[in-house]
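Structure, as structure tokens:
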Amino acid sequence: MGRIKPRPLKSATEQLFEQYTDEFKTNFEENKQVVAKHVSVQSKKLRNIIAGYATRLKKSK
């Protein structure tokens, strides 16, 4: 079973994904760099959660 993500985190990731769909890949490591480039994230953990969720969105679409 996976970790449940808070709704504000999901909505922020979905907005970021809609704006930069072509930059996100199915590779988590590349998505970490994209998130770091476009968002000033407070912590590494939060950046990784956003990048991981964006990776899942890209794989499903």
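Bear in mind these aren't lab numbers, they're just calculated from the coordinates by the rules spelled out. Note that this is a predicted model, so its numbers are computed, not measured. Here Cβ is always computed from backbone atoms with ideal geometry, including for glycine, and neighbour counts include all displayed protein chains.
Using the 10 angstrom Cβ neighbour count as an exposure proxy, how do Glu29, Glu23 rank, fewest first?
On the way: Glu29 9, Glu23 16.
With the sparsest Cβ surroundings first, the list reads Glu29, Glu23.
In the neighborhood of Ala36, defined by Cβ-to-Cβ distances under 10 Å, what is the net charge if each Lys or Arg adds +1 and each Asp or Glu adds -1? Could you put the intermediate results ahead of the total?
Details: positive: Lys32, Lys37, Lys44, Arg47; negative: none.
Summing Lys and Arg as +1 and Asp and Glu as -1 gives +4.
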Going from the fewest other Cβ atoms within 10 Å to the most, one would list Thr21, Thr55 as Thr21, Thr55
Relative contact order as a percentage, segment 7-60, C-alpha pairs under 8 Å and 6+ apart, gives 45
Neighbours of Ala54 by Cβ distance under 13 Å: Lys/Arg at +1, Asp/Glu at -1, summed charge +4
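Mind sorting Arg3, Arg56 by how few other Cβ atoms lie within 10 Å of their own Cβ, fewest first? It would help to have the intermediate numbers written out before the result.
Values: Arg3 6, Arg56 15.
Ordered by Cβ neighbours within 10 Å, fewest first: Arg3, Arg56.
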May I ask you to list the lysines whose Cα is less than 16 Å away from that of Lys58, ignoring any residue fewer than eight positions away on the same chain? Lys10, Lys25, Lys32
Neighbourhood net charge (9 Å Cβ-Cβ; Lys/Arg +1, Asp/Glu -1) for Phe24: -1
For segment 7-60, rounded, prolate or oblate, judged on the Cα gyration tensor with a ≥ b ≥ c (square roots of eigenvalues), a/c < 1.5 rounded, else prolate if a/b > b/c? rounded
